[in-house]
Amino acid sequence: MHCQPDYKHQVYIWLKNEHTCLICDEATESAHCVCNVCETELPWLLEQCEICAVPLPMDGLVCAQCFKQPPAFKHVIAPWTFSFPVDSLISRFKHQARWPLGHLLARLLAQHLQHRFDNAELPRPDCLLPVPMARKRQRERGFNQALMLARWLSHDLDIALDEHVLLRPQETVAQQALDAKQRKRNLLKAFAVAANAEVTGRHFALVDDVLTTGATAHSLARLLINAGARQVDVYCLARTPKPGA
């Protein structure tokens, strides 16, 4: 006995269908919806600071800022520099709710991280933590892009996600319009660790879209370390160069 009737017509199979590259709109056979040419020509971040991932002239160095004032986080992992077309893709994801673009970048970031895990270049964290967004800004945008990225990474990498460990009890001015010193002052008391959060002895990875000065990442990592975390890393899509670089 067959539980389904005979069906002789062609069935649509997504995995065998021709996809369109989300960057150049050309046909591609890649299931990630990005063609090989576009993926190769993305602004991959190569020579960088071993701690904060800021672009440097040579690899294997630590930038002057991290040498003088080491941040609370241990490593920043960012596949790309914040330049075209990654900057445009991130902006459209955040401000135009083009979620497929964010999902594409998250999958490529997951591949980048998995490669480093497999080669023992990077220890797997115990848990992913999205950078919390101010409530007013989240109401205006409708979603937290860091939380969406963290959910996609959690699924692809099979790493636990906890969106309730970090809190943002106070509203702050948007960071984009501030310089490095103003960003640090702006973040004082902006974040908190949940009272019932299990932090002691755990390795966390903060997830965000772009790392600029690192002030937010440092503030959150310092909170977690002070609460007993063993290590805090940062996973993001792109890293901006220092002003004037």
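The values are calculated or read from the model by the stated rules, or taken from the named source; none is laboratory data. Values in this document were obtained by computation on a predicted structure and should not be read as measured data. As a convention, Cβ positions derive from the backbone with ideal geometry for all residues, glycine included, and neighbour counts pool all protein chains shown.
Being at positive phi, at pLDDT below 95 and surrounded by fewer than 16 Cβ atoms within 10 Å (Cβ to Cβ) is the filter here; which residues of the stretch 204-245 pass it?
Just the residues of the stretch 204-245 that are at positive phi, to begin with: 214, 228, 244.
Among the residues that remain, those that are also at pLDDT below 95 are: 214, 244.
Matches in the stretch 204-245: Gly244 only.
Output the residue which, of all residues in the stretch 149-164 that are assigned to a helix (DSSP H, G or I) and out of contact with any helix residue (DSSP H, G or I) (no Cβ under 8 Å at 6 or more places or on another chain), is nearest to Val210 (Cα to Cα).
Only one residue tops the list, namely Ala150.
How about the stretch 54-74: which of its residues are among the aliphatic types (A, V, I, L, M) and in a loop (DSSP other than H, G, I, E, B)?
Val54, Leu56, Met58, Val62, Ala72
Would you point out which residue out of Lys74, Lys94 is basic (Lys, Arg), touching a strand residue (DSSP E or B) at 6+ places or on another chain (Cβ under 8 Å) and under 16 Å from Thr213 (Cα atoms)?
Lys74
Looking for whichever is outside the structural domain of Ser219 (by TED's automatic domain parsing) and of a type in the set (D, E, K, R) here; the options are Glu26, Glu50. Which one fits? Steps first, please.
Numbers: Glu50 fails: outside the structural domain of Ser219 (by TED's automatic domain parsing).
After ruling out the rest, the residue left standing is Glu26.
Any idea which residue in the stretch 31-42 is modelled with the highest pLDDT, counting only those that are in a loop (DSSP other than H, G, I, E, B) and surrounded by 15 or more Cβ atoms within 10 Å (Cβ to Cβ)? Write out each step before concluding.
Step one: filter the stretch 31-42 for residues in a loop (DSSP other than H, G, I, E, B), giving 31-35, 41-42.
Next cut, surrounded by 15 or more Cβ atoms within 10 Å (Cβ to Cβ) only: 32-35, 42.
On the way: His32: 78, Cys33: 86, Val34: 92, Cys35: 93, Leu42: 97.
Ranking the candidates gives Leu42 first.
Has the stretch 82-93 got any residue that is among the aromatic types (Phe, Trp, Tyr), within 17 Å of Cys236 (Cβ to Cβ) and crowded, with 18+ Cβ neighbours inside 10 Å? Explain how you work it out, then say what you get.
First, the residues of the stretch 82-93 that are among the aromatic types (Phe, Trp, Tyr): 82, 84, 93.
Now narrow it down to the ones that are within 17 Å of Cys236 (Cβ to Cβ): 82, 93.
Still in the running and crowded, with 18+ Cβ neighbours inside 10 Å: 82, 93.
Yes; the residues of the stretch 82-93 include at least one that is among the aromatic types (Phe, Trp, Tyr), within 17 Å of Cys236 (Cβ to Cβ) and crowded, with 18+ Cβ neighbours inside 10 Å.
May I ask you to list the residues in the stretch 170-203 that are at pLDDT 65 or above and either charged (D, E, K, R) or under 26 Å from Ser91 (Cα atoms) (or both)?
Those that are at pLDDT 65 or above and either charged (D, E, K, R) or under 26 Å from Ser91 (Cα atoms) (or both): Gln170, Lys189, Ala190, Phe191, Glu198, Arg202.
Considering the stretch 90-148 alone, what residues qualify as being without any contact (Cβ under 8 Å) to a residue 60 or more places away in the chain, polar (S, T, N, Q) and in a helix (DSSP H, G or I)?
Ser91, Gln111, Gln114, Gln138
Which is at pLDDT 95 or above, over 24 Å from Arg141 (Cβ atoms) and in contact with a helix residue (DSSP H, G or I) (Cβ under 6 Å, 6 or more places away or on another chain), of Cys66, Cys52?
Cys52
Taking the stretch 44-68 as the region of interest, how many residues are closer than 16 Å to Val210 by Cα and either in contact (Cβ under 8 Å) with a residue 60 or more places away in the chain or of a type in the set (Gly, Ala, Ser) (or both)?
Residues meeting the conditions: 6.
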